[in-house]
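What follows is a set of notes on a single structure, which appears directly below.
The values are calculated or read from the model by the stated rules, or taken from the named source; none is laboratory data. From a predicted model like this one, the values you see are computed outputs, not experimental measurements. In this analysis, Cβ positions are derived from the backbone assuming ideal geometry, glycine residues included, and neighbour counts consider all displayed protein chains. Keep in mind that these areas ignore ligands, DNA and RNA; they rest on the heavy atoms of the full protein, side chains included. Shrake-Rupley method; radii C 1.70, N 1.55, O 1.52, S 1.80 Å.
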Amino acid sequence: MIQSDKFDSFNMDIKKITHNILLFVVNRLIEISAIFLSLLSFLLFVALISYSPEDPNFIFSEGKEIKNLLGFQGSFTSDIFLQSIGLISYLVSISYFFLGLNLFIKKKFLLIIESTFFTILYSIFGSLFLSHFYKDNLTLHINGNGGFVGNFLDNTFLNNLITTYENIFFYSLVLIVIILFLKSINF
């Protein structure tokens, strides 16, 4: 009877130790992922800030001097983001930076799915807003301030709807983008 109690106690100790080791390893993997995500978002922000339309990009890639601080990779990445969703790309990099911080603090992988969902939503609404209300662009010559996503959405029935109720949609879209952005950074 005494040996059985010792065996059960020893067995419980092993389970407790393995559980603690597993928890330690998972938490370190989450922290490493969070640091990596924050670093990538910072690099995306640097690439976006140093974007130049004259840099080599997805379409024109040969024989041009690269002005982007991150070289060809930064030029290529910033071009894809800015041409697809436009100026809202800056908010995407900020969202993922805060996602990395929140992931490091809270250690929940579900935050990645939640933040990405809200980021996609505000990117769509923000691209539509920029394409419809700020068509005049200075740096994004090909697809404009809202990128090709915003241009596509602005060329649907939404254009007529927004044009009919322009004041309401202006403030509504701004409010939607702000709320979704704040949700994406877990404010």
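Step by step: first the residues of segment 118-138, then only those that are of a type in the set (Phe, Trp, Tyr) and part of a helix (DSSP H, G or I), then the one that is nearest to PHE98 (Cα to Cα). Which residue is that? The residue in question is PHE118.
Every condition in (1) open to solvent by 20 Å² or more (accessible area, probe 1.4 Å); (2) aliphatic (A, V, I, L, M); (3) closer than 28 Å to GLU31 by Cα is met by VAL149 except one, and the failing one is (3). Might you check whether a residue that is more than 15 Å from the chain's Cα centre (by Cα), surrounded by fewer than 16 Cβ atoms within 10 Å (Cβ to Cβ) and farther than 29 Å from TYR122 by Cβ occurs anywhere in segment 30-50? For segment 30-50, residues more than 15 Å from the chain's Cα centre (by Cα), surrounded by fewer than 16 Cβ atoms within 10 Å (Cβ to Cβ) and farther than 29 Å from TYR122 by Cβ: absent. Taking SER95, is it at pLDDT 95 or above, open to solvent by less than 10 Å² (accessible area, probe 1.4 Å) and either outside any helix (DSSP H, G or I) or touching a Phe, Trp or Tyr at 6+ places or on another chain (Cβ under 7 Å) (or both)? Answer is yes for this residue. Number of residues in segment 101-137 that are of a type outside the set (A, V, I, L, M) and either open to solvent by 80 Å² or more (accessible area, probe 1.4 Å) or within 20 Å of VAL26 (Cα to Cα) (or both): the value is 11. Checking each residue in segment 102-127 for being more than 16 Å from PHE187 (Cα to Cα) and touching a Phe, Trp or Tyr at 6+ places or on another chain (Cβ under 9 Å) picks out GLY126, SER127.
Residues in segment 61-76 that are open to solvent by 50 Å² or more (accessible area, probe 1.4 Å) and either under 11 Å from SER50 (Cβ atoms) or among the polar types (S, T, N, Q) (or both): SER61, ILE66, LYS67, LEU69, LEU70, GLN73.
Restricted to segment 139-183, and to residues there that are in a loop (DSSP other than H, G, I, E, B) and over 24 Å from the mean Cα position of the chain (by Cα), the residue that is farthest from SER89 (Cα to Cα) is TYR165.
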